[in-house]
Amino acid sequence: MIQVLSSEIINQIAAGEVVERPSHLVKELLENSLDAGSDQITVEIAEGGRFIRVLDNGSGILSADLDKALQRHATSKITKTDDLWNLHTFGFRGEALASAAAVSKMTLKSFEKNEKKASQIESKFGVLSEIKPSSQAIGTEIKIEDLFENVPARLKFLKSESSEAGQIKSAIKALALAQPGVEFKLINNGELQLFYPKRNSKIERVQDVLEKKSFFETQTTNGGFKCHVVFSSPHEVAKTSKQIWIFVQNRWVQDRALQTAVMDAYRSLLMHGEYPFVVLWLDCKPDEIDVNIHPTKSQIKFQDSSSAFRTVHSALRHALEKAPWIAGYNNQTNIKTAQPEVQNMKFYDQSFEQTQFKNKDFGFGRNTQSPKMDFNIDQLNHLKVNADFGVSSTETTSQSMTAEVKSGYWSSLQVIGQAHLTYIVTQKQDRLIFVDQHAAHERVVYESLMQSWKNNKFEIQNYLFPLAIDLSEDKVEVLIKNQDEIRKLGFEIEQLGPEAIGIKSAPHLIKDASLPLVFEKMALDLLQNGGSFAIEKKISDLFATMACHSVVRAGQSLSTPEMQELLKSMDQFALSSFCPHGRPVSVEKTFTELEKLFGRIN
């Protein structure tokens, strides 16, 4: 027998969806305060969030509307269906206060700026009191007590007080990152634990919240998308992805595709298990996203997800390739860019002899003989290149412009000698710098190969008969749709049937046996992210392995001129601070540190 649920059960179900844990409630209440125009917000909690008090200086709620504010689906932020696709506020469903009131003892006080006095209303697990006068400054105060007391099943799933308080801290940090012009305070059990004063810029707020000072920032525009990123150097890493903060329309969201775009931008700069510190703000027209797909509004859906992915990826990668953490390449802390989606990326004209790699296997080619490369000063001379900072990705197939590197950071180091036949010992100003010769040469050769690839300077294998690859129908469709872009990567394909493609030609460096996996991953990446990033990752992995097996090794003696030439060749590539596998190329020791070790200073 079908029964209509009681309002009590309905409210508790809604509360379970919107307020799964105290941190979700804090987030909802803070978003209401921000929608009210607050620029000072204080949060007080106790018992891991079972007691919550939020005080703001916003516009307040009219006394006549206090009871409506605690009713489900009551809001001042939308009036018609079209408003859902033109949102300019955080809240819009009118469920946060009603959900909280259904599972707690709530006191709502507010002083609307156009009224003469404050008013308040109370709710005891959904039962409302009458509206009565109150003492309250301009703004709103919401006090929650005994959260989930009437829902024991929900209560028992709460974690420890410290864990729940930690989640609340994360929610406040997120909203502080999104709103640098707002002051936030968190008081936990009477102790002030977070205080973020108003800031004039995003990067200042990031420094406050992430508690690190060395950050860089970049901005870009791609069609209807605007992207602002504050990021750390690859030297500053975290052990988890929790320090990647993503905001869309200033909403803190969990988006796997955008996180992938961030991680792929750091490709070849981080070791396995390392994550960067990144705060990303992505803005677009309100009707380009759907924020109403999850009760807590923590997930969003883009109308054009591929453009969102490309905007984030290209903006961050372009900034990283400037290596702003190396003073010789960029003396400004903040990198400012505002370019369309096809940004000016770094490509290099080079005279590296590709014949060294022809008809070699390296574990990936079609022949079995492995190369043996002797390292000498002549080989290093082949690696001298001129950086091209002005050719866009659409121009590199037809032209290659050259420009001098701004400053020779690595070649400016004074070579002292070689330690353990592995490390080049150098000094500069106030410190010693140890350079891993294998890692350094590996990056130089890797970058030379990658830039040859991007400039279409690689050998193509044409097949007498197309190599057939079976794929699902949607994957075949997306590959054929993007075959012009795929052709630029050295592959020519054709459709053999609804669930099969044929490979007519491919780069000589890639084994025939690896092609099915390459195109499987590329099709999946095209479907999810709208860009052939999977194949570039595969090529990057191939070249990294080739470089690893084709350069000077640890334990190999180098003369002083050879060491100087290697350092000079590193200046041609901004990312020479890391090997292609993300290992650091150099380690520094200041003379001050040495003097302390020797007891010369305290």
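Could you tell me which residue of the stretch 423-451 is farthest from Glu593 (Cα to Cα), considering only residues that are of a type in the set (S, T, N, Q) and buried (at least 18 other Cβ atoms within 10 Å of the Cβ)?
Gln451
What pairs come out if I take residues in the stretch 39-50 that are free of Cβ contacts under 8 Å to residues at least 12 places away in the same chain and closer than 21 Å to Glu183 by Cα and pair them with residues that are of a type in the set (Asp, Glu) and assigned to a strand (DSSP E or B) whose C-beta lies under 7 Å away, six or more apart or interchain?
Matching pairs, first to second residue: none at all.
For the stretch 108-140, give me the residue count where each residue is buried (at least 18 other Cβ atoms within 10 Å of the Cβ) and β-branched (Val, Ile, Thr).
2
Among the residues of the stretch 467-501, write down those that are in contact with an Asp or Glu (Cβ under 7 Å, 6 or more places away or on another chain) and among the acidic types (Asp, Glu).
Scanning the stretch 467-501 gives Asp470, Glu473, Glu499.
Of the numbered conditions (1) crowded, with 21+ Cβ neighbours inside 10 Å; (2) in the same structural domain as Val262 (by TED's automatic domain parsing); (3) closer than 27 Å to Lys285 by Cα, Thr221 satisfies every one except a single condition; which is it?
Here Thr221 clears every test but (1).
Search the stretch 559-573 for residues that are assigned by TED's automatic domain parsing to the domain that holds Thr422 and free of Cβ contacts under 8 Å to residues at least 40 places away in the same chain and pair each with any residue that is assigned to a loop (DSSP other than H, G, I, E, B) and buried (at least 24 other Cβ atoms within 10 Å of the Cβ) when their beta-carbon atoms are under 8 Å apart and the residues are at least 6 apart or on different chains.
From residues that are assigned by TED's automatic domain parsing to the domain that holds Thr422 and free of Cβ contacts under 8 Å to residues at least 40 places away in the same chain, there are no pairs.
Test Glu211 against the stated conditions and say whether it is among the acidic types (Asp, Glu) and assigned by TED's automatic domain parsing to the domain that holds Pro22.
The answer is no for Glu211.
Could you tell me whether Gln451 is modelled with pLDDT of 95 or more and closer than 18 Å to Asp571 by Cα?
So Gln451 fails the test.
Which count do you get for residues in the stretch 201-253 that are in contact with a helix residue (DSSP H, G or I) (Cβ under 9 Å, 6 or more places away or on another chain), part of a helix (DSSP H, G or I), more than 23 Å from Ser298 (Cα to Cα) and not acidic (Asp, Glu)?
0
Could you grab me the full set of residues in the stretch 128-182 that are assigned to a loop (DSSP other than H, G, I, E, B), within 35 Å of the chain's Cα centre (by Cα) and either within 30 Å of His228 (Cβ to Cβ) or among the acidic types (Asp, Glu) (or both)?
Gln179, Pro180, Gly181, Val182
Looking only at the stretch 251-268, decide whether some residue is closer than 17 Å to Ile172 by Cα, assigned by TED's automatic domain parsing to the domain that holds Ser214, in contact (Cβ under 8 Å) with a residue 40 or more places away in the chain and of a type in the set (S, T, N, Q).
yes
Does any residue of the stretch 294-306 turn out to be β-branched (Val, Ile, Thr), at pLDDT 90 or above, surrounded by 18 or more Cβ atoms within 10 Å (Cβ to Cβ) and not assigned by TED's automatic domain parsing to the domain that holds Lys173?
No, because not a single residue in the stretch 294-306 is β-branched (Val, Ile, Thr), at pLDDT 90 or above, surrounded by 18 or more Cβ atoms within 10 Å (Cβ to Cβ) and not assigned by TED's automatic domain parsing to the domain that holds Lys173.
For the stretch 163-194, how many residues are out of contact with any helix residue (DSSP H, G or I) (no Cβ under 9 Å at 6 or more places or on another chain), among the small types (Gly, Ala, Ser) and surrounded by 16 or more Cβ atoms within 10 Å (Cβ to Cβ)?
The qualifying residues number 0.
Filter the stretch 564-595 down to residues that are surrounded by fewer than 21 Cβ atoms within 10 Å (Cβ to Cβ) and of a type in the set (Gly, Ala, Ser) and give me whichever is farthest from His549 (Cα to Cα).
The qualifying residue farthest from His549 (Cα to Cα) is Ser586.
Can you name the number of the only condition in (1) in the same structural domain as Arg50 (by TED's automatic domain parsing); (2) of a type in the set (Asp, Glu); (3) in contact (Cβ under 8 Å) with a residue 24 or more places away in the chain that Glu236 fails?
(1)
Among all residue pairs at least 6 apart or on different chains, which show Cβ distances below 6 Å where the first residue, located in the stretch 189-204, is free of Cβ contacts under 8 Å to residues at least 40 places away in the same chain and the second is in a loop (DSSP other than H, G, I, E, B)?
Once the first residue is free of Cβ contacts under 8 Å to residues at least 40 places away in the same chain and sits in the stretch 189-204, its partners that are in a loop (DSSP other than H, G, I, E, B) give Arg199/Pro180.
Looking only at residues that are in contact with a strand residue (DSSP E or B) (Cβ under 9 Å, 6 or more places away or on another chain) and among the polar types (S, T, N, Q) in the stretch 208-238, which one is farthest from Pro584 (Cα to Cα)?
Thr221
When you scan the stretch 243-258, do you find a residue that is crowded, with 18+ Cβ neighbours inside 10 Å, over 16 Å from Leu316 (Cα atoms) and among the aromatic types (Phe, Trp, Tyr), even just one?
Checking the stretch 243-258: at least one residue is crowded, with 18+ Cβ neighbours inside 10 Å, over 16 Å from Leu316 (Cα atoms) and among the aromatic types (Phe, Trp, Tyr).
How many residues are in contact (Cβ under 8 Å) with a residue 60 or more places away in the chain, among the acidic types (Asp, Glu) and not in a strand (DSSP E or B) if we restrict to the stretch 414-473?
Total satisfying the criteria: 4.
Among the residues of the stretch 21-76, what is the count of those that are in contact with a Phe, Trp or Tyr (Cβ under 9 Å, 6 or more places away or on another chain) and within 30 Å of Gly166 (Cβ to Cβ)?
16
Six or more apart or on different chains, Cβ under 9 Å: which pairs go from a residue in the stretch 483-508 that's at positive phi to one that's aromatic (Phe, Trp, Tyr)? Could you list them?
Close Cβ pairs (under 9 Å, with a partner that is aromatic (Phe, Trp, Tyr)) amount to Gly490/Trp453; Gly490/Phe458.
I need a count of the residues in the stretch 192-234 that are among the basic types (Lys, Arg) and in contact with a Leu (Cβ under 7 Å, 6 or more places away or on another chain).
1
Report those helices (runs of 4 or more DSSP H) wholly inside the stretch 475-570 carrying at least 1 residues which are modelled with pLDDT under 80 and closer than 19 Å to Glu447 by Cα.
483-488, 533-548
The values are calculated or read from the model by the stated rules, or taken from the named source; none is laboratory data. Everything numeric in this text was worked out from a predicted model, so none of it was measured. Positions of Cβ are backbone-derived with ideal geometry, glycine not excepted, and every protein chain shown enters the neighbour counts.
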